[in-house]
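Peer 1: Structure incoming, see below.
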Amino acid sequence: MLVSPAMGGTVRIKYRGRELGDEEIDFIRELIANHPTLSRWALSRKLCEAWGWVQENGALRDMMCRSLMLELHRGGHITLPLPRLTPRNHLANRRKPKPVPIDRTALRTSLDRLRPLEFRLVRRTEQEPLFNSLIEEHHYLGYTQPVGAHLKYLVLSWEDRPVACLSFSSAPLHLGPRDRFIGWTAEGRRKNLHLIAYNPRYLILPWVEVPHLASHILGRIVRRLPRDWERVYGHRILFLETFVDPSRYRGTCYRAANWIDLGKTTGRGKDAPTKRPRVPIKDVLGYPLTRRFRELLGQG
């Protein structure tokens, strides 16, 4: 949150691209005064409804609104009611996924004999624990619970055997190679970042040996993913991105599926306190889902 004094003793506050002045702050004070029995959570939802703060799928942006109100409270601009409870951090206390028994016999065949393949969206289904378990057990990064928008897929052979897992989630805010490739402004990135999806996990199960399977799956998922994302979140996505650790993999399947080399990360990681590399430097790959991606993503 950026607070700047203005002429006439007023205060202008910028929070995630929205600018607030005395009128907006007075509105929040009046909202709190008119609803003295409401909790902080309920007040944030009231404010979202009053200001029309909603996501593309119609859900209220109450988490963002709650953060704004908390910042205003800490800055002495408003006075919130005392918190009624301290919610448990379920992500911090989440248990590691347990192994799920499945057929692990070697599957060595050709892609033609493996077909048809089924791409099954498993988030919030009874098969989501299987996805989580396979990623935890067989992906070198293990399983971490995605935050924000995300979709999880199991890829199954005609025998209903899992052969691969892959997921997509919200894109990181700052990514130099991607931002330079798109050429958007800071304002365009702020408004349109939700139109990019990040591929944090991709796993061909270790007992599956099928030539060209990995690139075939990538070629098919880029046609299906935009429709699924729109159905779940109310808008399509225009661009995909992922990281490849060159010390472990060459990213051959991505390049064979026409993903584009965008550059390399700095190795500083998220919210790095210094400019020195502290995590592995990775290749950044991207995949435009429309020829007009620069025009559409750059709109401020």
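Every read-out reported here was derived from the displayed coordinates using simple, explicitly stated rules and does not represent laboratory data. Everything numeric here is computed off the predicted structure, so don't read it as measured data. Positions of Cβ are backbone-derived with ideal geometry, glycine not excepted, and every protein chain shown enters the neighbour counts.
Peer 1: Using Stokes-Einstein with the Kirkwood hydrodynamic radius over Cα pairs, what translational diffusion coefficient do you get for the stretch 106-170 at 20 °C and a viscosity of 1.002 mPa s, in µm²/s rounded to a whole number?
Peer 2: For these conditions, the coefficient is 169 µm²/s.
Peer 1: Another question, if that's okay. How much net charge surrounds ILE196 when only the other residues with a Cβ under 13 Å from the Cβ of ILE196 are counted, with Lys and Arg +1 and Asp and Glu -1?
Peer 2: +4
Peer 1: Note down the magnitude of the dipole of the stretch 107-297 about its Cα centre, charges +1 on Lys and Arg C-beta and -1 on Asp and Glu C-beta and zero elsewhere, to the nearest 20 debye.
Peer 2: 700 debye
Peer 1: Can you pull out the chymotrypsin sites (Phe, Trp or Tyr not before Pro) in the stretch 95-185 whose DSSP state is coil and whose Cβ has at most 14 other Cβ atoms within 10 Å?
Peer 2: Passing both the DSSP loop test and the Cβ count: TYR140, TRP158.
Peer 1: I need the Kirkwood Rh of the stretch 81-197: take the reciprocal of the average 1/r across all distinct C-alpha pairs and report it in angstrom.
Peer 2: Answer for the stretch 81-197: a Kirkwood hydrodynamic radius of 17.5 Å.
Peer 1: Past the 26 Å Cα-Cα mark, which pairs from LYS46/LYS191; LYS96/LYS152; LYS98/LYS282; LYS14/LYS282; LYS191/LYS264; LYS96/LYS264?
Peer 2: LYS98/LYS282; LYS14/LYS282; LYS96/LYS264
Peer 1: Net charge near ARG180: determine it from the other residues with C-beta under 13 Å of the C-beta of ARG180, scoring Lys and Arg +1 and Asp and Glu -1.
Peer 2: Around ARG180, the surrounding residues sum to +1.
Peer 1: Please give the FRET efficiency for ALA256 paired with ILE102, using the beta carbon to beta carbon distance and R0 = 25 Å, rounded to the nearest 0.05.
Peer 2: 0.35
Peer 1: Between ALA59 and ALA33, what is the label-point separation in nm under the 7 Å Cα-to-beta-carbon projection?
Peer 2: Going by the 7 Å Cα→Cβ label model, 3.5 nm.
Peer 1: What is the log10 of I(q)/I(0) for the chain, computed with the Debye formula using one identical point scatterer on each Cα and no solvent, at q = 0.09, 0.11, 0.13 Å⁻¹?
Peer 2: Scattering profile of the chain, log10 relative to I(0): -0.58, -0.82, -1.07.
Peer 1: Separate question: On full extension of the chain, what length is gained from LEU173 through ARG231, given 0.36 nm per residue of separation minus the C-alpha to C-alpha distance?
Peer 2: 18.5 nm
Peer 1: OK, next. Could you tell me the calculated FRET efficiency between ILE25 and LEU296, based on Cβ-Cβ distance and R0 = 45 angstrom, to the nearest 0.05?
Peer 2: Rounded to the nearest 0.05, the efficiency is 0.85.
Peer 1: Quick one: net charge around PRO101, please, counting Lys, Arg +1 and Asp, Glu -1 for every other residue with C-beta under 14 Å from its C-beta.
Peer 2: +1
Peer 1: Among HIS212, LEU238, PRO200, which residue has its Cα positioned farthest towards the positive end of the charge dipole of the chain, with +1 placed on the Cβ of Lys and Arg, -1 on the Cβ of Asp and Glu, and the dipole taken about the Cα centre?
Peer 2: Projecting each Cα onto the dipole axis, the largest value belongs to HIS212.
Peer 1: Largest first and to the nearest Å, give the Cα extent of the stretch 140-229 along each principal axis.
Peer 2: So the three principal-axis extents are 48, 25, 23 Å.
Peer 1: Can you tell me the length gained on complete extension of the stretch TRP207 to SER67, counting 0.36 nm per residue apart and subtracting the Cα distance?
Peer 2: Value of the extension gain: 45.8 nm.
Peer 1: Tell me, what is the FRET efficiency for TRP51 and GLU118 to the nearest 0.05, using R0 = 41 angstrom and their Cβ-Cβ distance as r?
Peer 2: Efficiency computed from Cβ-Cβ geometry: 0.40.
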